[in-house]
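To start, the structure itself, in structure tokens.
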Amino acid sequence: MSRLKHMPMEQGLIVSCQAFPGEPLYGDGIMARMAMAAAAGGAVAIRTNGTGDIRSIKAAVAVPVIGLLKREVPGSDIYITPELEDVEAVLEAGADIVALDFTCREGRPAKLRPLIERIRQAGALAMADISTLEEGLAAEKAGADMISTTLSGYTPYSPRQKQPDLALVRELAGRVRVPLAAEGRIFRLEEAEEAIRAGADYVVVGSAITRPHLITERYAESIGAALSVAGASRSRE
């Protein structure tokens, strides 16, 4: 596909390897092991948060690393690589691609040009995390190298739903020329396959692969509900 011309990886699965303080898998080196397993299974790239995990994963796998830095800025809703200092930290850690919040909040698109220029200067690529079609189009116009639907459902003006926003993937696929990644709430193989049919070049999966406590929680809730139904049925017999 022509729009993948400048990408360092082929189309396919990107695995998000992230853990946060208080979670069972949070700690030095653990996400690097998870990334090794993902790469061994066929992931074409790894997406990860924080300079420590970017460094350790970059040293552990041969596939490209998409790096970001989640940081709360007082008075702002932007937390994915929000400012130039965060871009510098992600680049210094060795990321091949830098993921940025590219929503329209707080005049964000206009502020991103210097960040994209710095990323390009460093020889890396910029991934725009967006939540709407308009944001995707603005990201491409501003020079983003790839677009991801990461933030659909996480801005107050985008659809709030439990399923992935495949309608957005379809809209973007028909309008943008840069590579497109479907990301967000993709838990089932059928959803990943549908994202590709909708026009995505990449599918980013995180929680369904790399966060076992959440995977277990989904099974436990489903089995608990089934047991309640079964128990009620038996009590009527």
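Structure notes:
- Across the chain, the relative contact order, built from alpha-carbon pairs under 8 Å that are at least six residues apart, equals 15 percent.
- Spin-label pair Tyr154-Arg197: with each label point 7 Å from Cα along the Cα-Cβ axis, the two points sit 2.7 nm from one another.
- Each Lys and Arg adds +1 at its Cβ and each Asp and Glu adds -1 at its Cβ; summed about the Cα centre, the chain shows a dipole of about 340 debye.
- Mean shadow area of the chain over all directions, Cα convex hull, nm²: 14.7
- Order of Leu68, Leu13, Leu125 - criterion: other Cβ atoms within 10 Å of each residue's Cβ, fewest first: Leu13, Leu125, Leu68
- Residues in the stretch 10-18 carry Karplus couplings, in order, of 6, 4, x, 8, 9, 9, 8, 10, 9 Hz; the curve used is 6.51 cos²θ - 1.76 cosθ + 1.60 with θ = phi - 60°, and Gly or Pro positions show x.
- Of all DSSP beta bridges confined to the chain, the antiparallel ones make up roughly 5%.
- The order of Ile97, Ile54, going from fewest to most other C-beta atoms within 10 Å of their C-beta, is Ile97, Ile54.
- Considering only the stretch 38-162, percent of DSSP beta bridges that pair antiparallel, nearest 5: 5
- Rg followed by Dmax, in Å, when the stretch 1-72 is reduced to its Cα trace: 12.7, 43
- Computed extension length for Arg188-Arg120: 21.0 nm, one decimal, from 0.36 nm per residue of separation with the Cα-Cα distance subtracted.
- Cα long-axis angle, helix 30-40 against the chain (0 to 90 degrees, to the nearest 10): 90
Bear in mind these aren't lab numbers, they're just calculated from the coordinates by the rules spelled out. Predicted, not measured: the structure shown is a model, and the values here were computed from it. For neighbour counting, all protein chains shown are included, and Cβ atoms are generated from backbone atoms with ideal geometry for every residue, glycine included.
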